[in-house]
């Protein structure tokens with residue numbers, strides 16, 4: 001997308017000269033680098049509950065963030081008014097971080113390189129509401145029709161369309177149009193007046209609305225949610241303490257996001273506060289493990305044509321055959337560390353400074369047959385779905401909470417178990433991976449990652465894996 | 001940058017009027033304005049400064065019993081027109097909802113008097129002093145012990161906010177808020193062991209903050225006591241939640257008395273009003289009226305006056321927390337707990353939601369335990385308020401013969417919230433309001449600690 005075609009040029013009448021003037025103002029106190037991040041975000045959501053479409057909402061949020069870097073210091077200011085005077089004012093505030101004379105001569109803004117990973121002619125946000133509201137109605141009907149024990153259904157469809165323009169004092173000018181949509185279905189099932197159990201499913205990506213009509217339909221997610229809730233009826237207590245854990249393919253890849261991903265973000269390592277600091281080249285996992293973070297997969301929720309600093313995303317190898325290979329960099333860390341950029345600078349919105357973040361994080365497939373992996377376990381836990389996870393990057397301790405899991409007894413999946421949290425230590429946990437399946441699957445597209453108060457969409461993936469030893473937080 | 005106070009209220013009135021003119025039978029408008037500042041320092045140097053202001057406006061319309069919502073940060077004439085048009089259009093795609101609607105006329109209200117939500121000193125703080133305050137906190141942490149070898153930094157944040165709410169039934173209200181916060185995150189190392197922890201202080205005004213040296217020293221001592229942790233064996237023992245983590249248990253309890261969870265049948269406390277759901281020493285209050293505290297406001301996000309609600313009294317469940325919608329669903333009255341952002345239907349939030357303090361000091365509680373776990377941090381999302389199942393990662397200190405003996409980490413704690421509430425054997429005397437949810441130290445008779 002060329003600058004002239006962006007909403008910022010057409011609707012807000014901004015010119016290249018305006019951008020250059022604002023960058024010059026940002027560097028007027030002698031900063032080393034400055035950038036402008038323009039955002040025009042349209043959001044919508046529709047919710048059904050008790051078979052009533054109770055809510056429909058739409059929002060517009062727009063603004064510009066101005067950043068100035070001076071050595072290791074960052075100044076940041078933003079404005080929700082896109083007039084040149086207000087941007088200049090924000091630039092002056094951000095410029096305070098530096099103390100010196102202006103070093104600026106001129107910027108020669110050139111259109112930057114980027115991918116074309118989500119060529120979406122009409123974004124879901126641009127389609128008629130009447131079409132989108134059908135998605136939650138269909139999900140509600142399908143979940144209720146699946147089984148009479150499903151007594152409560154809640155479905156939320158949400159999408160957004162983010163217009164982004166980035167101009168940097170390095171001379172890069174890049175624009176992108178980023179569609180994103182997802183459908184979430186949660187249900188409650190009850191049997192003979194007993195205690196309810198919940199089930200949840202959802203997915204989406206940087207897709208057209210047709211994705212929900214042709215590929216992953218509301219009925220698909222509804223059945224998946226209903227199946228999970230029904231499966232959990234009659235769940236027994238989860239084991240407590242160390243046991244063998246088999247993770248199913250797809251969303252359980254959240255293990256990688258927590259166990260290694262966050263700990264490899266360059267800001268923590270530049271500061272030496274991560275359990276992985278200074279461990280490049282060391283063995284941190286079994287040699288069966290190769291973990292990558294790839295922001296270039298078409299239509300994925302975690303993918304971006306360029307990161308939020310204008311750098312094209314790429315495929316980054318984090319762990320190769322068990323050996324730690326690299327960190328995820330943003331502009332500030334890669335400059336200070338003298339490292340190559342990895343396209344990992346991301347931010348929640350124009351109100352936030354970029355940070356090194358993950359995109360789509362997954363483990364490459366191995367050679368084992370998934371069924372053989374389960375057969376190999378005399379006693380353990382098979383985890384299919386998770387609620388969420390968290391990590392303390394300094395100690396390396398991470399958790400992730402299973403929402404659907406089963407006991408494995410004598411190589412067979414037997415009874416469902418109650419929700420339990422699994423805990424491990426990042427640089428240690430993957431050393432116990434003894435089998436990796438040939439069934440790599442990426443998640444359905446619902447992940448949200450939080451860091452320093454900023455949320456960004458991400459993806460995860462994993463094949464079926466066996467971990468010989470992990471602590472499970474049950475009560476049995 | 002700021003519009004005058006009157007201008008914001010006028011704008012909200014205008015949006016409501018336009019919505020009615022466009023066919024809405026009722027309308028509500030929220031305007032939020034904020035100014036934020038933050039300074040981060042790390043290893044005694046300034047790391048980042050951020051300063052900005054923003055505004056947003058949201059409208060919710062009802063066309064009969066169909067609702068539609070819209071919000072924007074585009075306050076231009078065109079932006080406002082689009083805002084109203086889009087909310088009306090959206091009401092067309094939703095369904096008739098018999099319980100949708102504004103509060104009844106006699107339910108509106110606003111607390112009189114000064115609630116001390118905005119401190120005058122916040123607006124005039126010098127940037128240099130704010131940076132210096134953060135530096136002093138971090139320096140106190142770094143200088144407190146040679147094992148504090150690194151730091152994730154210290155930060156000073158301040159915020160000024162303004163909140164306007166107008167609806168078509170004649171309610172119009174406005175209030176201002178402010179806060180300052182100071183936090184430090186030092187990193188300790190000894191041998192192979194590296195641990196971090198934090199301490200923070202939150203206040204409505206600068207003068208209410210704890211001294212920076214105190215914030216730094218407490219943060220450092222917390223990181224230090226986590227060094228060289230042990231992973232204990234799996235066992236069932238008494239568990240003490242330090243006040244800071246006891247707050248998270250109160251958060252779980254709030255989710256279970258949340259009116260929407262009740263009418264959707266997704267709380268283990270459904271149908272339990274009047275029943276004993278917790279031990280005798282548990283009294284839980286939601287009070288949005290206490291001047292100066294962080295969960296206080298003159299009115300809720302539907303224009304209903306904030307109030308004090310007894311949620312649990314000596315173990316007996318007395319009330320759920322409701323907005324008008326949940327109240328209609330359950331055949332009850334709102335408790336003034338409506339909460340929302342700029343867009344969407346009202347949700348439910350809390351005022352100051354807290355567990356009343358007991359008589360014993362934390363030292364006395366720990367002193368009475370021969371073998372147990374003192375939890376200083378929980379990790380994860382393993383709390384299911386439908387079933388009550390509770391399973392979280394945890395770190396803390398092991399209690400041996402009434403003393404905090406050694407650090408413990410990489411373990412889990414698990415039980416069912418139902419049993420945990422009934423199993424609370426003591427609430428400490430150390431209740432402090434460090435946020436809108438507050439609790440003293442809590443002792444639970446028995447939980448499963450998962451470890452080796």
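The values are calculated or read from the model by the stated rules, or taken from the named source; none is laboratory data. A quick note: this is a predicted structure, and the numbers were derived from the prediction, not measured. In this analysis, Cβ positions are derived from the backbone assuming ideal geometry, glycine residues included, and neighbour counts consider all displayed protein chains.
Answer yes or no as to whether residue B:341 is at pLDDT below 95 and surrounded by fewer than 18 Cβ atoms within 10 Å (Cβ to Cβ). In short, yes.
Each row is one residue, and each column tells you yes or no for (1) within 25 Å of residue B:329 (Cβ to Cβ); (2) out of contact with any strand residue (DSSP E or B) (no Cβ under 7 Å at 6 or more places or on another chain); (3) in the same structural domain as residue B:33 (by TED's automatic domain parsing).
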{"residue": "B:61", "(1), (2), (3)": "yes, no, yes"}
{"residue": "B:64", "(1), (2), (3)": "yes, yes, yes"}
{"residue": "B:68", "(1), (2), (3)": "yes, no, yes"}
{"residue": "B:76", "(1), (2), (3)": "no, yes, yes"}
{"residue": "B:80", "(1), (2), (3)": "no, yes, yes"}
{"residue": "B:87", "(1), (2), (3)": "yes, no, yes"}
{"residue": "B:91", "(1), (2), (3)": "yes, no, yes"}
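From the list B:225, B:147, the lone residue that is touching a helix residue (DSSP H, G or I) at 6+ places or on another chain (Cβ under 7 Å), touching a residue at least 60 places away in the same chain (Cβ under 8 Å) and either in the same structural domain as residue B:438 (by TED's automatic domain parsing) or surrounded by fewer than 22 Cβ atoms within 10 Å (Cβ to Cβ) (or both) is B:147. Just one of the numbered conditions (1) surrounded by fewer than 21 Cβ atoms within 10 Å (Cβ to Cβ); (2) modelled with pLDDT of 95 or more; (3) within 24 Å of the chain's Cα centre (by Cα) is not true of residue B:381: (2). Among the residues of segment A:111-137, the ones that are touching a strand residue (DSSP E or B) at 6+ places or on another chain (Cβ under 9 Å) and part of a helix (DSSP H, G or I) come to 9 in all.
From B:358, B:372, which residue is more than 14 Å from chain A (Cβ to nearest Cβ), in a strand (DSSP E or B) and in contact (Cβ under 8 Å) with a residue 24 or more places away in the chain?
B:372
With the checklist (1) part of a strand (DSSP E or B); (2) surrounded by fewer than 18 Cβ atoms within 10 Å (Cβ to Cβ) in hand, flag the one item residue A:316 doesn't pass. The failed condition is (2). Scanning segment A:1-21 for residues that are assigned to a helix (DSSP H, G or I), in contact (Cβ under 8 Å) with a residue 60 or more places away in the chain and surrounded by fewer than 22 Cβ atoms within 10 Å (Cβ to Cβ) turns up A:3, A:5, A:7, A:16, A:18, A:20, A:21.
Restricting the search to strands (runs of 3 or more DSSP E) fully inside segment A:371-476 and requiring at least 1 residues that are out of contact with any strand residue (DSSP E or B) (no Cβ under 8 Å at 6 or more places or on another chain) and at negative phi gives A:412-417, A:448-451. Scanning segment A:182-208 for residues that are over 17 Å from residue A:223 (Cβ atoms) and within 14 Å of chain B (Cβ to nearest Cβ) yields A:190, A:191, A:193, A:194, A:195, A:196. Consider segment B:103-113 and keep the residues that are part of a loop (DSSP other than H, G, I, E, B) and loosely packed, with under 15 Cβ neighbours inside 10 Å. The one that is modelled with the lowest pLDDT is B:104.
Within segment B:74-91, the only residue that satisfies the criterion of being in contact with a helix residue (DSSP H, G or I) (Cβ under 8 Å, 6 or more places away or on another chain), at pLDDT below 95 and facing chain A (nearest Cβ under 8 Å) is B:74. Restricting attention to segment B:114-144, the residues that are closer than 30 Å to residue B:173 by Cβ and either touching a residue at least 24 places away in the same chain (Cβ under 8 Å) or outside any loop (DSSP other than H, G, I, E, B) (or both) total 11.
This table checks each residue for (1) within 14 Å of chain A (Cβ to nearest Cβ); (2) closer than 15 Å to residue B:366 by Cβ.
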position	(1), (2)
B:399	no, yes
B:406	no, yes
B:415	yes, no
B:418	yes, no
B:421	no, no
B:425	no, yes
B:434	no, no
B:449	yes, no
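Residue B:353 passes every criterion in (1) more than 14 Å from every other protein chain (Cβ to nearest Cβ); (2) over 22 Å from the mean Cα position of the chain (by Cα); (3) surrounded by 23 or more Cβ atoms within 10 Å (Cβ to Cβ) apart from (2). Quick check, is residue A:258 assigned by TED's automatic domain parsing to the domain that holds residue A:182, under 24 Å from the mean Cα position of the chain (by Cα) and assigned to a helix (DSSP H, G or I)? Answer is no for this residue. When the residues of segment B:436-447 are filtered to those that are part of a loop (DSSP other than H, G, I, E, B) and touching a helix residue (DSSP H, G or I) at 6+ places or on another chain (Cβ under 9 Å), the one that is nearest to the other protein chains (Cβ to nearest Cβ) is B:439. The condition of being surrounded by fewer than 18 Cβ atoms within 10 Å (Cβ to Cβ) and more than 14 Å from chain A (Cβ to nearest Cβ) holds for only one of B:170, B:191, that being B:170. Per the listing B:407, B:395, B:439, the residue uniquely buried (at least 23 other Cβ atoms within 10 Å of the Cβ) and closer than 25 Å to residue A:259 by Cα is B:395. The condition (being over 23 Å from residue B:442 (Cβ atoms), in contact with a helix residue (DSSP H, G or I) (Cβ under 8 Å, 6 or more places away or on another chain) and in a loop (DSSP other than H, G, I, E, B)) is satisfied by just one residue among B:195, B:270, B:213: B:270. Return a yes/no flag: does segment A:94-110 have any residue that is facing chain B (nearest Cβ under 9 Å), at pLDDT 95 or above and touching a strand residue (DSSP E or B) at 6+ places or on another chain (Cβ under 7 Å). Yes; the residues of segment A:94-110 include at least one that is facing chain B (nearest Cβ under 9 Å), at pLDDT 95 or above and touching a strand residue (DSSP E or B) at 6+ places or on another chain (Cβ under 7 Å).
The residue of segment A:63-93 that is farthest from the other protein chains (Cβ to nearest Cβ), among those that are closer than 20 Å to residue A:267 by Cα and in a loop (DSSP other than H, G, I, E, B), is A:71.
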